[in-house]
Amino acid sequence: MQAGKKRVAYFYDEEVGNFYYGAGHPMKPHRIRMAHSLILNYGLYKKMEIYRPRLVEDDKMTMFHSDDYVHFLQSVTPDNINDYNRELQRYNMDVDCPVFDGLFKFCQMYTGGSMGGATKLNQGHADICINWSGGLHHAKKSEASGFCYINDIVLAILELLNYHSRVLYIDIDIHHGDGVEEAFYNTDRVMTASFHKYGEYFPGTGGVKDTGVSRGKRYSINFPLMDGIDDQSYESIFKPVIGKIMETYQPGAVVLQCGADSLAGDRLGCFNLSLKGHAACVNFMKSFNVPLLVLGGGGYTVRNVARCWANETGVLLDEKLSEQIPYNEYYEYYGPDFNLHITPSNMENHNTKKYM
């Protein structure tokens with residue numbers, strides 16, 4: 001891939017914001033629609049090719065997931081849920097991962113964006129592909145976990161492996177990318193690198209000594225972090241670690257999961273990154289000129305998730321966005337200042353230089 005202006009493809013389905021996990025649930029697909037509205041009103045849509053993802057069929061999902069689990073997701077609805085009590089337990093469908101209207105279509109949609117992006121990269125039709133509805137990194141082969149049902153990331157990486165001998169996965173969500181790590185734990189064809197809060201925090205995995213097994217030994221990289229990490233501390237570890245990985249592993253493609261729950265003020269998070277600190281990771285990965293699939297993930301203060309992903313779309317397009325948020329249908333969410341960037345809090349950074 002040449003340096004300079006990148007060909008960017010963006011995947012979005014206008015229906016994605018209609019799905020609803022339920023009252024009080026922190027995961028709100030509506031945030032993707034809010035991000036899209038900012039992308040439109042900042043004029044970024046003019047600079048990239050926009051695609052509606054194809055709904056992924058069950059036979060593609062079973063390239064990773066078990067047949068019985070996918071069949072269950074296809075079959076269960078809020079109306080027939082009482083017929084599936086045993087399966088609900090088996091597949092870890094609980095308060096975190098509820099059955100809601102249109103669940104399987106939601107899975108088909110967000111997975112379609114990620115797999116579609118991987119295919120575009122493989123075909124050489126784009127340099128960067130974006131799917132903010134994707135990045136559901138906790139889903140396992142035969143169970144839901146942490147608001148995630150189908151692991152679109154694993155399926156997209158499998159698609160990339162059809163054309164590339166090595167793929168690098170990077171995860172900047174506050175939660176460990178356990179589902180992706182587990183899927184590729186025994187292979188050297190995928191390296192996973194996760195920067196996450198560790199210690200009495202979901203999902204509880206991702207210790208520094210968890211490095212893979214068999215042929216995958218030393219191909220899982222975990223950087224466990226403490227509360228309150230700020231931009232400067234994050235950059236001081238992200239750039240040297242990832243820089244060294246890029247130099248030594250030399251992947252043919254990179255998948256970057258941009259969970260926004262690592263931002264300051266997240267409803268479920270405890271990090272202290274600004275939009276600039278988060279986007280610095282995205283900008284750094286763009287600089288390597290390697291085919292790049294950029295995905296969403298966590299993020300539970302919806303106004304900041306939308307800010308984050310709109311800003312990072314701008315970064316990927318080399319477009320600097322104005323600090324004043326343009327008028328859009330969700331304008332009132334961004335009050336009282338209606339600014340793009342957020343101010344980190346004065347919380348203590350427990351990541352001392354000695355710890356790092």
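The values are calculated or read from the model by the stated rules, or taken from the named source; none is laboratory data. Being a predicted model, the structure only gives us computed values, none of them experimental. With ideal geometry, Cβ positions are generated from the backbone for all residues, glycine too; neighbour counts draw on all protein chains shown. Note: areas computed on protein heavy atoms with side chains; ligands, DNA, RNA excluded. Shrake-Rupley method; radii C 1.70, N 1.55, O 1.52, S 1.80 Å.
For the reader, a short list of remarks on this structure follows.
- Failed item, numbered, when CYS308 is tested on (1) within 23 Å of GLU348 (Cα to Cα); (2) in contact with a Pro (Cβ under 9 Å, 6 or more places away or on another chain): (2)
- Evaluation of LYS141 against (1) under 27 Å from LYS217 (Cβ atoms); (2) open to solvent by less than 10 Å² (accessible area, probe 1.4 Å) (one fails), failing number: (2)
- Meets criteria (touching a Leu at 6+ places or on another chain (Cβ under 8 Å), surrounded by fewer than 24 Cβ atoms within 10 Å (Cβ to Cβ) and not hydroxyl-bearing (Ser, Thr, Tyr)) for ASN328: yes
- Count of the range 152-189 residues which are in a loop (DSSP other than H, G, I, E, B), open to solvent by less than 30 Å² (accessible area, probe 1.4 Å) and among the charged types (D, E, K, R): 1
- Residue match in the range 235-256 (condition: farther than 27 Å from PRO344 by Cα, among the aromatic types (Phe, Trp, Tyr) and open to solvent by 40 Å² or more (accessible area, probe 1.4 Å)): no
- Being open to solvent by less than 20 Å² (accessible area, probe 1.4 Å) and of a type in the set (Ser, Thr, Tyr) is a property that THR192 has.
- Among the conditions (1) of a type outside the set (Lys, Arg); (2) touching a residue at least 40 places away in the same chain (Cβ under 8 Å); (3) not in a loop (DSSP other than H, G, I, E, B), the only one that ASN85 does not satisfy is (2).
- ILE342 surrounded by fewer than 22 Cβ atoms within 10 Å (Cβ to Cβ), modelled with pLDDT of 95 or more, among the β-branched types (Val, Ile, Thr) and touching a Lys or Arg at 6+ places or on another chain (Cβ under 9 Å): yes
- A search for C-beta distances below 9 Å between a residue of the range 278-289 that is in contact (Cβ under 8 Å) with a residue 40 or more places away in the chain and any residue that is among the aliphatic types (A, V, I, L, M) and assigned to a loop (DSSP other than H, G, I, E, B), counting only pairs 6+ apart in sequence or on different chains, returns HIS278/ILE172; CYS281/ILE172; PHE288/MET1; ASN289/MET1; ASN289/ALA3.
- From the options GLY243, GLY228, residue that is in contact with a helix residue (DSSP H, G or I) (Cβ under 9 Å, 6 or more places away or on another chain), modelled with pLDDT of 95 or more and of a type in the set (Gly, Ala, Ser): GLY243
- When the range 200-232 is filtered for residues that are closer than 16 Å to ASN272 by Cα and outside any loop (DSSP other than H, G, I, E, B), the ones remaining, listed by number, are PRO224, LEU225, ASP231, GLN232.
- Scan of the range 63-110 for residues that are in contact with a strand residue (DSSP E or B) (Cβ under 8 Å, 6 or more places away or on another chain) and either modelled with pLDDT under 95 or open to solvent by 20 Å² or more (accessible area, probe 1.4 Å) (or both), ordered by number: ARG90, ASN92, ASP96
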